[in-house]
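The values are calculated or read from the model by the stated rules, or taken from the named source; none is laboratory data. This one's a predicted model, so the numbers in the text were calculated from it and none came from an experiment. Neighbour counts run over all protein chains shown; Cβ positions are idealised from the backbone, glycine included. To get the accessible areas, we keep the full protein, side chains included, count just its heavy atoms, and leave off ligands, DNA and RNA. Shrake-Rupley method; radii C 1.70, N 1.55, O 1.52, S 1.80 Å.
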Amino acid sequence: MKREQLYSGKAKTIYATDNPDTFISEFRNSLTAFNGEKKAEMEGKGYYNAQISKKIFEMLEASGIKTHFISMLSDIDMLVKKVEIIKIEVIVRNIAAGSITKRYPMKEGTIFEPPVLVFDFKSDEYGDPMLNDDIAVALGVATREELATLRKLALSINELLVPYLDEKGILLPDFKLEFGRREGEIILADEISCDTCRFWDKKTGQSMDKDVFRFDKGDISKAYEDVARRIVPEIFE
Ligand code: TMP
Ligand code: ASP
């Protein structure tokens, strides 16, 4: 049962439960971009993202990746294991898109082989600046050993996600992960959804993710629904 609200981020709200070892993560309909500068509400967004995340967490767990996911308590409420979130956004890039094409001379669509891994400092106040290992350690956000673990886990997750999505006609140019500490281990937390990944239709190359909202590329509702239809077809039966 939902107890007091512990934290409200831009897209999800975290609640305490009767069990001190679990939280409820509620997926809301609010959409933001550019560190909250652009805002909107989208009917059904919380639902699609929650269901997509659930399905991907289950797939990863079945492949041996530990996640915070326990179960769904409603369409949008995910029961999760309590973790201490590591303040690093771990971004894996397979194809150049988004900020990397603006900051560096890298053309959109360039394939990264091997994938490029980026650590950003998770801080709205500082605008999520990129980290290197020395800065992360000096800031105290993670140890060198933890950074190596994050890298290894993120690349393993990428290796599972790319073929899983490819089978559904979706390319994965890049995505963002967050991890948490729990009982001396690092496990996957947060969400994996249309808000936190770039998904491109394999045939047309069209965006099917938050870029549709960020850059006014079309019907955001249709894009999220299309991804949900491919990843969680059972919710449409
Ligand atoms: P970027 O190209 O804007 O740096 O985004 C890289 C990936 O990270 C992309 O898949 C979207 C995701 N992302 C988030 O999940 N949260 C964020 O705040 C940002 C900026 C990007
Ligand atoms: N999540 C960030 C924001 O809300 C940035 C983004 O996803 O573009 O503003």
> For the residue pair residue 70 and residue 149, what label-to-label distance in nm results when each label sits 7 Å from Cα along the Cα-to-beta-carbon direction?
Replying inline: 2.1
>> I want to verify a result. In a Gaussian network model of the chain, Cα cutoff 10 Å, which of these has the top mean-square fluctuation: 40, 136, 97?
In response: 40
> Calculated FRET efficiency, residue 43 and residue 85, Cβ-Cβ r, R0 25 Å, to nearest 0.05?
Replying inline: 0.30
> What are the semi-axes of the equivalent ellipsoid for the chain, taken as the square roots of 5 times the Cα gyration tensor eigenvalues, largest first, in whole Å?
Replying inline: 24, 23, 18
> GNM, the chain, Cα, under 10 Å: largest mean-square fluctuation among 48, 104, 224?
Replying inline: 104
> When ligands, DNA and RNA are left out and all protein chains stay put, how many square angstrom of accessible area per residue does the chain have with a 1.4 Å probe?
Replying inline: 50
> For the chain, what is the calculated [θ] at 222 nm in deg cm²/dmol (nearest 500), taking -39500 (n - 2.57) for each run of four or more DSSP H residues and dividing by its residue count?
Replying inline: -9000 deg cm²/dmol
> Ignoring ligands, DNA and RNA, what percent of the 1.4 Å accessible area of the chain is carbon and sulfur?
Replying inline: 51
>> Through the Karplus equation 6.51 cos²θ - 1.76 cosθ + 1.60, θ set to phi - 60°, convert the phi angles of the stretch 205-218 into ³J(HN,Hα) values in whole Hz; use x for Gly and Pro.
In response: x, 6, 5, 10, 7, 5, 4, 4, 7, 3, 10, 6, 8, x
> So for 145, 234, 178, 84, what's the accessible-area order with a 1.4 Å probe, most first?
Replying inline: 145, 84, 234, 178
> Suppose R0 equals 30 Å; then what is the FRET efficiency for residue 6 and residue 126 from their Cβ-Cβ distance, rounded to the nearest 0.05?
Replying inline: 0.85
>> Can you give me the distance in nm between label points at residue 99 and residue 167, each placed 7 Å from the Cα along the Cα-to-Cβ direction?
In response: 3.2
>> Connecting C-alpha atoms closer than 10 Å in a GNM of the chain, tell me which of 208, 106, 72 has the biggest fluctuation.
In response: 106
>> Using DSSP H assignments, which helices in the chain have an axial alpha-carbon span of 15 Å or above and a mean Kyte-Doolittle hydropathy of 0.0 or higher?
In response: 144-166
